[in-house]
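Trainee: First the structure, then my questions, so here it is.
Quick note: the coordinates plus some simple rules give every number you see, no bench work behind them. These figures come from a predicted structure and were not determined experimentally. Using ideal geometry, Cβ is built from the backbone for each residue, glycine included, and neighbour counts are taken over all protein chains shown.
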Amino acid sequence: MIRLGLRLAVSGGREAVVRLVIVAIAVGIGVGLLLTAVSAANAVNTQNDRYAWLDTSASSPSQTGSGGGHGGPAAPLRLLLTTDEFDGQTIYRADVAATGPDSPVPPGIPQDPGPGQYYISPALSALLRNAPADELADRYPGHQTGLIGQAGLPSPDSLVIVVGRSAAQMSHLPGATEVTSFNTTPPGSNGGVNRGDGLGAKGLDLVLSVVALALLLPVLIFIGTATRLSAARREQRFAAMRLVGATPRQVSLIAAVESAVAAAAGVAIGFGLFFVLRVPLAAIPFTSQPFFPAELSLSLPDILAVAVGVPAAAAVVARLALRRVNISPLGVTRRVTPAPPRAWRVLPLLAGLADLGFFAVHGEPASNSGQVLAFTTGFALIMIGLVIAGPWLTMTGARVLARRASRASTLIAARRLADDPRAAFRAVSGLVLALFIFTVAAALIATQDTKKVTPVDGAAAGNTLIDQFLTITDGGSATGSAPPPPATVLTRLRKIPGVQGVVEFQADPGLTITNPQLQIQGFPAAVVSCAQLAGVPGLGRCPAGAAAAKVPASLTDIGGGNLAEFTWPAADVPARRLDSLPLASLDVATNGSQPAIEQARTVLENAYPAGTGSPPHTLGEDTAAANGADNAFQQLADVVILTSLAIAGCTLAVSVAGGLADRKRPFSLLRLTGARLGMLRRVIVLESAVPLLAVAAVAIGTGFTASAMYATMEMRLSLVSPGAAYYILTSAGIVLALVLILATFPMLRRITGPETARTE
Amino acid sequence: MNAIIEARGVVKSFGQTPALRGACIAVGPGEIVAVMGPSGSGKSTLLHCLSGILVPDQGEAWFAGQRLDTLTETQRSEVRRDKFGFVFQSGQLVPELTAEENVALPLLLGGARRAAALAEARAWLGRLGLDGLGRRRSGELSGGQAQRVALARGMVGGPQVLFADEPTGSLDSVSGEMVMSLMTRAAREQGSTVILVTHDARVAAYADREVIVRDGTVGSLTGAAPSAGTAQSSEAAR
């Protein structure tokens, strides 16, 4: 029987081969996506693990000795981990000083660099070669002694430097600690260092779950549609076999072999697709950083599960499906009208909405895994619910259509839809799901956009480089300061082409400021000399006659507004006292050119070494970093939408073409009896358009409802209507679907010719 | 007469529509019986019940002293495969298989080796005048050729009973005559019983005996006990 099944699968004539190829392609796309999703999850984990050593601290858990570790306690390594920026990119910097030969060594380098040496990532090395020294290289003392290997780099584009220091130098770096090993896994649930860009681990878990669901479900529908291609022909064949004595077991074995062959071919295509797309996919910065291609990898269990599991699952599903169809020896000659779908089919959809509604009312689960479970369960129930409810909605729409039908084409289409709404809905189910996904993505991104950090500043302030030494604690108080800048530093800063002014903000403990427009009340304030502030108009001005003004101590922790238009309240601080106050921040106004910003940053970093407050940054860079995650979401959503729409289009085309092929005889007989081709065309369009429009309306409505609930509980925002692009694209998608249906018209003409009516 | 196949008070309905209402028929070994009747009278349903394709709602179907209607689906499939042959009006060939593979199918399903099954199939195709057509698929055959392939498939296993449901229904008169001649000759050579459902009197004339099904019951129309002489005279009359 296996041999007969193989024979039928691979050499059963043109139709069988076409079916085999389409099923194999469908399975191949599915397997390719599945492998990509699995390997992407693996790569995200590896990337997060690679960040782990950059989050090592004296008390870090999950540390593993990567140096020393010869049985006894290793000599500690003096370590200071900081971040820096260049042209909007984050540079991870580790200043290290070994205290003994067995001090731990950061991953990716053979030994700790000595004073005056540094190891550097290839991407940063290239940057150093290409950028003028006064913009970047001058920040790093010493010379390059080697490159950091892949083990120490989260991404091929990672900018990482390990700077060797003496113990004495390290003792002057604020924040330096001693460690005996480096982290190998990210501490806590945040998954790695606070990188300030891309998606956090929590967001990634959720997004990857939803993405996998959003991509795999349309693919599963595509596979299901493709396997049902020529279903009528197959049923006829199996009926013929049953007639001559094939037992149900034999027929189901043959069907299982056929499906397994197609699935095995699909698995091969899927693996091929995965390996071809792996390198270009690795370059897409889903996490805001590209992956090493080798890290988009699959474990042996992953490979075995897919290579064996998919064909096995296909075989099992084929057997189960055939058992449900229960082909009799009379096969299609005694076809019984399937029982109409019942109203219970809307229950899973309602259950999904209820799931999200429950958490919207009662609040989301506390744990990250609980939230992932709650949201993915809700969205999965809704998506599966749409597929389950689709036939019932189709039947309801068809019955309405049948009651109002006045033309033969409408009547035929409506009766067929009402007779077998499952088959009719199957054709458009992929598109309906894609519309749901699109609606959810568009609505949530539009809502998320309202949360985007609006520039606090106006252009002038956005180009101001802020070296802030004071930080605002969770309790709302200010802590930290730095000594006043030497005159040489101020001179060097002012000499940089493009620098428009330098202003010192002095810390004055206990001083606060309230400003409703900036959404601050009792916020820690700093004091600035009005003479200096006048030279940097982008940061506001003093009231007339004032010598000093009160300004927010941290411009990065306040709400939006154009600072240039602000008149700050006068501060009653005598000039002599002002000079004696410690430095809260040193701000350098530039014309926004990269050389000016980077040269100023280099001067500031050398003046105030690593570990003194946060690294110098512009307010524009702050805004870009805060909005980075949204951009990554948008990019991911675009990929999902385009892919799911493309797969849905394939499903529709295969389904309509398959439906035509299955009914070529009745259609050709209708033409023989005088039915015009135009009438048959109307039948075809109506058969797809009715379920498409009926269920699309429900899918879009459900998408907005689910998004509103998700926005309420997870984003703490009210849902915002997506922009015109959403409505245009949705309409275009539906029109495109109708065009796809129209594309089958030449086939309709060809296969319903009089010769088709010939008795076999 | 010791019947090889028999229906006793068979009742069968499809939904609310009764097809057979206590049909009785007994057919002896080697006998060729034509089941006639108007459309919708239940003659095809009777054939399906006798061959184990359908299970009667009431009554009994017997084959060679064994009740068919109480067998499992798998057991009835095995009986059909090993003891029965079928020739239907259309649609019974597997479109993906070649003519010779279609003929060999019952043997393959029964576990025969492929080479042996194909050799036997080719022999039957030759006997039915289909030499050289073994590699063609059903779509590449004329109606008469396809029906002869179906006949070869029905006969290849040496069936004790051949069931034929309107075997010439889709053929022109010349092709129909050829198929019926070949069928009756092959059946007599093999000693197979034939139950032939038809509404065509010319086809029925090939039978030893005719019964008529009307409103789901069977009545005798013509015929006598099976014998080579009756059959011969019957054919000679044509």
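Trainee: Separation between the A:F745 and A:D87 pseudo-spin-labels, each 7 Å from Cα along Cα→Cβ, expressed in nm?
Mentor: Between A:F745 and A:D87, the label points sit 5.3 nm apart.
Trainee: Now for a different question. Does a label point 7 Å from the Cα of B:D131, set along Cα-to-beta-carbon, have any residues of the stretch B:173-195 with amide nitrogen under 13 Å, and which are they?
Mentor: None, by backbone N distance to the label point.
Trainee: By how many degrees, 0 to 90 and rounded to 10, does the Cα axis of helix A:408-419 deviate from the longest principal axis of chain A?
Mentor: 80
Trainee: From Cα pairs below 8 angstrom and at least 6 apart in sequence, can you work out the relative contact order of chain A, rounded to a whole percent? Kindly include the intermediate steps, with their values, before the conclusion.
Mentor: Values: 1396 pairs, mean separation 124.6, N = 760.
Here the relative contact order equals 16 percent.
Trainee: Would you be so kind as to identify which of A:F86, A:A131, A:T177 lies farthest towards the positive end of the dipole of the stretch A:63-183, taking Lys and Arg as +1 and Asp and Glu as -1 on Cβ and the Cα centre as origin?
Mentor: Highest projection toward the positive end goes to A:T177.
Trainee: Looking only at the protein assembly as shown, where both bridge partners belong to it, what percent of the DSSP beta bridges are antiparallel (to the nearest 5)? Don't skip to the answer; put the middle values down first.
Mentor: Details: 69 of 97 bridges.
In the protein assembly as shown, DSSP labels about 70 percent of beta bridges as antiparallel.
Trainee: Mind listing the long-range amide H neighbours of B:D165? Cut-off is under 5 Å, sequence gap 5 or more, other chains count too, H placed in the peptide plane at 1.01 Å from N.
Mentor: Under 5 Å from the amide H of B:D165 lie the amide H atoms of B:V87, B:F88, B:Q89, B:V197, each far enough along the sequence or on another chain.
Trainee: Please give the helix A:248-282 orientation as an angle from the longest Cα principal axis of chain A, in degrees from 0 to 90, rounded to the nearest 10.
Mentor: 30
Trainee: Okay, next question. Which order do peptides A:570-583, A:249-262 fall in by mean Cβ count within 10 Å, highest first?
Mentor: Numbers: A:570-583: 14.8, A:249-262: 22.8.
Ranking, from highest mean packing down: A:249-262, A:570-583.
Trainee: Between A:R407 and A:S297, 0.36 nm times their residue separation minus their Cα-Cα distance comes to what? List each step's numbers first, then the result.
Mentor: Values: separation 110, 0.36 × 110 = 39.60 nm, distance 5.77 nm.
Result for the pair: 33.8 nm of gain on full extension.
Trainee: Taking the beta-carbon count within 10 Å as an exposure proxy, list B:K83, B:K43 from fewest neighbours to most. Don't skip to the end; give the middle numbers.
Mentor: On the way: B:K83 21, B:K43 30.
The order, fewest Cβ neighbours first, is B:K83, B:K43.
Trainee: Continuing with the same structure: Going by amide H atoms built from the backbone, whose H comes under 5 Å of the H on A:T590, apart from near neighbours?
Mentor: A:T464, A:L465, A:Q500
Trainee: Is the protein assembly as shown rounded, prolate or oblate when judged by the Cα gyration tensor, a ≥ b ≥ c being the square roots of its eigenvalues, rounded requiring a/c under 1.5 and prolate requiring a/b larger than b/c? Don't skip to the end; give the middle numbers.
Mentor: Numbers: a/c = 3.83, a/b = 2.73, b/c = 1.40.
Taking the square roots of the gyration eigenvalues as a ≥ b ≥ c, the protein assembly as shown is prolate.
Trainee: Taking θ = phi - 60°, what integer Hz values does the Karplus form 6.51 cos²θ - 1.76 cosθ + 1.60 yield along the stretch B:105-113, in sequence order, with x for Gly and Pro?
Mentor: Values per residue, Gly and Pro as x: 3, x, 5, 5, 5, x, x, 5, 6 Hz.
Trainee: Sticking with this one: Across the protein assembly as shown, how many lysine pairs, 8 or more positions apart or on different chains, have C-alpha atoms separated by under 25 Å? Please give the number. Please report the intermediate quantities before stating the final value.
Mentor: Numbers: A:K202/A:K451; A:K202/A:K452; B:K12/B:K43; B:K12/B:K83; B:K43/B:K83.
Here the count comes out as 5.
Trainee: ³J(HN,Hα) across the stretch B:187-200 via Karplus (A = 6.51, B = -1.76, C = 1.60, θ = phi - 60°), whole Hz, x for Gly/Pro?
Mentor: Per residue, the Karplus-derived 3J(HN,Hα) values read 5, 5, 4, 8, x, 7, 7, 10, 10, 10, 8, 7, 10, 9 Hz.
Trainee: Same structure, new question: Thinking of the stretch A:123-162 as a set of Cα atoms, what percent of all their pairs are more than 12 Å apart?
Mentor: Working: 460 of 780 pairs.
Percent of Cα pairs beyond 12 Å in the stretch A:123-162: 59.
Trainee: Assign one of three labels to the stretch B:24-70, namely rounded, prolate or oblate, based on the Cα gyration tensor with a ≥ b ≥ c the square roots of its eigenvalues; rounded applies when a/c is under 1.5, prolate when it is not and a/b is larger than b/c, and oblate otherwise.
Mentor: Details: a/c = 2.37, a/b = 1.16, b/c = 2.04.
Verdict is oblate for the stretch B:24-70.
Trainee: How big is the gap, in Å, between the Cα center of the stretch A:715-732 and the Cα center of the stretch A:91-107?
Mentor: A separation of 50 Å, based on Cα centres.
Trainee: Please turn the phi angles of the stretch A:131-139 into ³J(HN,Hα) values with the Karplus equation 6.51 cos²θ - 1.76 cosθ + 1.60 (θ = phi - 60°), one per residue in order, whole Hz, x for glycine and proline.
Mentor: 8, x, 4, 6, 9, 9, 4, 5, 6
Trainee: Work out the charge dipole of chain A with +1 on the Cβ of Lys and Arg and -1 on the Cβ of Asp and Glu about the Cα centre, then indicate which of A:L465, A:S121, A:A575 is farthest towards its positive end.
Mentor: So the residue we want is A:S121.
Trainee: Something else now. What order do you get for A:133-143, A:517-527, A:35-45 when each peptide is scored by the mean count of other beta carbon atoms within 10 Å, highest first? Write out the running numbers ahead of the final one.
Mentor: Values: A:133-143: 16.9, A:517-527: 18.5, A:35-45: 20.0.
Taking the mean over residues of other Cβ atoms within 10 Å, the ranking is A:35-45, A:517-527, A:133-143.
Trainee: In a shell of Cβ-Cβ distance under 13 Å around A:M747, excluding A:M747 itself, what net charge do Lys and Arg (+1) and Asp and Glu (-1) give? The partial results should precede the final answer.
Mentor: Values: positive: A:R663, A:K664, A:R681, A:R749, A:R750; negative: A:D662.
Here the charged neighbours net out to +4.
Trainee: Is the stretch A:459-625 rounded, prolate or oblate when judged by the Cα gyration tensor, a ≥ b ≥ c being the square roots of its eigenvalues, rounded requiring a/c under 1.5 and prolate requiring a/b larger than b/c? Kindly include the intermediate steps, with their values, before the conclusion.
Mentor: Details: a/c = 1.31, a/b = 1.27, b/c = 1.03.
Rounded, since a/c falls under 1.5.
Trainee: R0 = 56 Å: FRET efficiency of B:Q16 with A:V276, Cβ-based, nearest 0.05? Mind showing how you got there, number by number?
Mentor: Values: r = 59 Å, r/R0 = 1.06.
Once rounded, the FRET efficiency stands at 0.40.
Trainee: Please find the FRET efficiency linking A:R3 to B:V55, where r is the Cβ-Cβ separation and R0 is fixed at 30 Å, and quote it to the nearest 0.05. Provide the component values of the computation, followed by the final result.
Mentor: Values: r = 32 Å, r/R0 = 1.06.
Using R0 = 30 Å, I get an efficiency of 0.40.
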